[in-house]
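Below is one structure, written out as structure tokens; the observations come after it.
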Amino acid sequence: TGTFLVFLYVWMPYMILPIQAAIERVPTNLLDASADLGATPRQTFWKVIFPLALPGIIAGSIFTFSLTLGDYIIPQIVGNSQFFIGQAVYAQQGTAGNIPLAAAFTVVPIVIMGFYLWMARRMGAPAACITHSKPTSSASRTSVRPASGWPAAAMMSTRSSLARTASK
């Protein structure tokens, strides 16, 4: 349990900071709207805050999980007789000089992280980067194309009301 506590202590900021950054980006008008519509704080958390903070939770879990998988210093200093993957790689390439086996051990965390990222993406985690396509005409450079959903409808109605006001 000592190794687990030290892992928790060392890698906790890598989990907290992405979550805090994601929660900071939650618009307060959504929280106000949720309260105005009669949602309880628990409903507001699960229906508004949690879905918007999920990318931060996923990013933090990727950081902590991948860093813990490759760590060999903490289990060596604090640890018990349990052998972590990082320790196995360190022992095989350092003491034993068995580079091919050490390389085989390094594939394990890569495969685990690849599977984790694939599952997170499949379960609906947003893409890490947003790709922007090049506009094809000058008209498409000035038009705003919002994403689907209710914010898009709100933007479309706002745009059409602004166009009606400008034409009068």
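The values are calculated or read from the model by the stated rules, or taken from the named source; none is laboratory data. Small disclaimer: the values here were computed from a predicted structure and weren't measured. Every residue, glycine among them, receives a Cβ derived from its backbone with ideal geometry; neighbour counts consider all protein chains shown. We work out accessible area using only protein heavy atoms, side chains counted, and drop any ligands, DNA or RNA first. Shrake-Rupley method; radii C 1.70, N 1.55, O 1.52, S 1.80 Å.
Would you pick out the residues in segment 97-127 that are in a loop (DSSP other than H, G, I, E, B), of a type in the set (A, V, I, L, M, F, W, C) and surrounded by fewer than 11 Cβ atoms within 10 Å (Cβ to Cβ)? First the steps, then the outcome.
Residues of segment 97-127 that are in a loop (DSSP other than H, G, I, E, B), as a first pass: 97-98, 123-127.
Filter again for of a type in the set (A, V, I, L, M, F, W, C), leaving 123, 125, 127.
Correct list: Met123, Ala127.
Out of segment 33-50, which residues are open to solvent by less than 60 Å² (accessible area, probe 1.4 Å) and touching a helix residue (DSSP H, G or I) at 6+ places or on another chain (Cβ under 8 Å)? Spell out the reasoning first.
First, pick out the residues of segment 33-50 that are open to solvent by less than 60 Å² (accessible area, probe 1.4 Å): 33-34, 38-39, 44, 48-49.
If the condition is that a residue be open to solvent by less than 60 Å² (accessible area, probe 1.4 Å) and touching a helix residue (DSSP H, G or I) at 6+ places or on another chain (Cβ under 8 Å), then Ser34, Ala39, Thr44, Val48, Ile49 are the ones that fit.
Residues in segment 1-32 that are open to solvent by less than 40 Å² (accessible area, probe 1.4 Å) and farther than 26 Å from Trp118 by Cβ: Gly2, Thr3, Val26. Scanning segment 67-96 for residues that are part of a loop (DSSP other than H, G, I, E, B) and in contact (Cβ under 8 Å) with a residue 12 or more places away in the chain yields Asp71, Tyr72, Val78, Gly79, Asn80, Gln82, Phe84.
Taking Ile58, is it open to solvent by 50 Å² or more (accessible area, probe 1.4 Å), of a type in the set (Val, Ile, Thr), out of contact with any Cys (no Cβ under 7 Å at 6 or more places or on another chain) and part of a helix (DSSP H, G or I)? Taking the combined requirement at face value, the residue does not satisfy it.
In segment 1-34, which residues are more than 22 Å from the chain's Cα centre (by Cα) and not in a helix (DSSP H, G or I)? I'd like the intermediate steps shown before the answer.
Applying the first criterion (more than 22 Å from the chain's Cα centre (by Cα)) to segment 1-34 yields 1-6, 29, 32-34.
Once the filter is applied, which keeps residues that are more than 22 Å from the chain's Cα centre (by Cα) and not in a helix (DSSP H, G or I), segment 1-34 yields only Thr1.
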